[in-house]
Structures are given as structure tokens and as C-alpha cells.
1. Quick check: with the 1.4 Å probe, what order do ASP175, ASP75 take by accessible area, largest first?
2. Using a 1.4 angstrom probe and counting only protein chains, how large is the accessible area of GLU27 in Å², to 10?
3. Please list, in order along region 62-78, the HN-Hα scalar couplings obtained from phi with the Karplus expression 6.51 cos²θ - 1.76 cosθ + 1.60 (θ = phi - 60°), rounded to whole Hz, x for Gly and Pro.
4. What full-extension length gain, to one decimal in nm, is calculated for GLN129 and HIS163 as 0.36 nm per residue of separation minus the Cα-Cα distance?
5. What are the ³J(HN,Hα) values, in whole Hz, obtained from phi via the Karplus relation 6.51 cos²θ - 1.76 cosθ + 1.60 with θ = phi - 60°, for each residue of region 18-29 in sequence order, with x given for Gly and Pro?
6. Would you kindly state how much longer the chain becomes between LEU71 and ARG17 on full extension, computed as 0.36 nm times their sequence separation minus their alpha carbon distance, in nm to one decimal?
7. Based on the Cβ-Cβ distance of ARG86 and GLN114, what FRET efficiency does E = 1/(1 + (r/R0)^6) give at R0 = 25 Å, to the nearest 0.05?
8. Please give the per residue accessible area of region 42-141, computed with a probe of 1.4 Å over protein heavy atoms only, in Å².
Amino acid sequence: MSVGILLLAAGESARYRAACGRHKLLEPIAGEPMLARSYRIARQSDLPVAVVLRPEPRALRRCLGGARQILLSSDGIGSSIAAGVRATAHWDGWLIMLADMPWLQPLTLRQVAQALAAHPQARACWHGQPGHPVGFSRDCYAQLAALSGETAARELLRQRGVHLLATEDAGAVRDIDLPSMWSNGET
């Protein structure tokens with residue numbers, strides 16, 4: 001079964017830019033731009049990876065080296081997921097990984113991918129709190145490919161139910177959304 005990772009990086013980072021004056025995915029995490037770190041983690045899972053991002057800013061694209069890039073002027077997470085799923089239609093399943101979650105562990109990505117062999121949908125869960133990645137099997141292709149705007153896959157998860165995969169990976173629920181999380185530009 002060929003399950004791949006869609007690393008979503010097409011957000012405009014509007015709240016973070018308003019507060020800090022820069023794109024949050026370029027912020028350094030242990031000396032590495034956040035997007036580059038998230039991409040490295042995804043690659044360390046040994047699963048195929050495609051990154052969904054906007055054509056601009058070019059600095060984001062440069063963080064990704066030889067990554068497969070799916071470019072679009074996204075109008076929301078639903079549009080990003082749909083574009084990524086359509087561009088990787090040959091995959092048997094998709095893990096949705098958010099680029100602003102740079103503490104996720106490669107093992108967690110592999111475990112959620114493996115769970116798709118037995119469940120149409122699977123999601124990492126840390127201490128009872130649902131997190132990421134969220135995995136979808138081939139059975140979900142039509143619904144994922146039809147998403148648009150800010151319509152995320154939550155409704156699909158509710159309709160079909162999701163297998164919650166317990167993990168000890170706190171990175172599955174830790175993201176970067178508030179400038180107050182930063183101390184001297186590094187975390």
C-alpha cells in the first residue's frame with residue numbers, strides 16, 4: 001500500500017505576519033527554517049512526500065530543495081488538500097501533515113500510515129487529544145478531491161468515524177500559532 005504525506009504549507013500566515021512581520025514557516029526552529037524542518041521530518045518517515053504551497057514567497061520554495069511541490073493560490077485548507085490529493089491520485093492513501101507542526105516524529109507518521117491498512121481514516125491522538133497527522137485511505141479520494149475553500153476534512157471524519165491512534169508523541173498536537181510561543185526567535 002502506497003501512502004504518502006501531503007505537507008500543507010499554502011497558508012498566508014496572516015496572523016503571524018501581522019504580529020511579527022514575517023512568515024511563520026520561515027521562523028528558525030533549532031537553527032532550521034520551520035518549513036525545512038517539517039519537510040525533513042516527513043522525509044525521515046520514508047514515505048513519499050508532496051508539499052502544497054503558494055508560488056510566493058519564493059523563500060518557502062527554496063527551503064524545500066528537491067521536494068515535489070504542488071503550487072496553488074489556495075483559498076483555504078480544503079483547497080490545499082484537494083489539490084494535493086488530485087496531484088497524487090496514484091497514492092493509496094494520504095497523510096495530512098501541517099507545516100507548522102515541526103515537532104511531529106517520523107515514527108508517528110509511519111504508524112498512522114500503517115493504520116490505514118485496517119481503517120479508512122486514522123488520526124494520531126496524544127493523551128486523548130486528537131492531533132496530526134490525519135490519514136485517509138483511497139476510499140476517501142472523491143470526497144477529499146472535492147474539498148474547497150476553508151472546508152477541511154472534519155465533516156468526512158465525522159461521517160465515517162476515525163480510528164484514533166494513541167501516541168506518546170506530543171508533537172502530534174503541538175503547533176505554532178501564536179507569537180508568544182517564540183523566545184528569541186527559536187523554540
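1. On the way: ASP175 50, ASP75 105 Å².
Sorted by accessible area, descending: ASP75, ASP175.
2. Rounded to the nearest 10, that gives 10 Å².
3. Result, ordered by residue: 5, 5, 9, x, x, 4, 6, 10, 10, 9, 7, 8, 5, 9, x, 4, x Hz.
4. Working: separation 34, 0.36 × 34 = 12.24 nm, distance 1.29 nm.
Once the chain is fully extended between GLN129 and HIS163, it gains 11.0 nm.
5. So the Karplus estimates, Gly and Pro as x, are 4, 7, 10, x, 8, 6, 5, 6, 9, 5, x, 10 Hz.
6. Values: separation 54, 0.36 × 54 = 19.44 nm, distance 2.08 nm.
Gain on extension, LEU71 to ARG17, equals 17.4 nm.
7. Working: r = 24 Å, r/R0 = 0.98.
So, using R0 = 25 Å, E works out to roughly 0.55.
8. On the way: 4010 Å² over 100 residues.
Here the per-residue accessible area is 40 Å².
The values are calculated or read from the model by the stated rules, or taken from the named source; none is laboratory data. Bear in mind that the values here come from a model prediction, so they are computed numbers and not experimental data. Every residue, glycine as well, gets a Cβ built from its backbone with ideal geometry; the counts of neighbours run over all protein chains shown. Heads up: the accessible areas ignore ligands, DNA and RNA and are worked out on the full protein's heavy atoms, side chains in. Shrake-Rupley method; radii C 1.70, N 1.55, O 1.52, S 1.80 Å.
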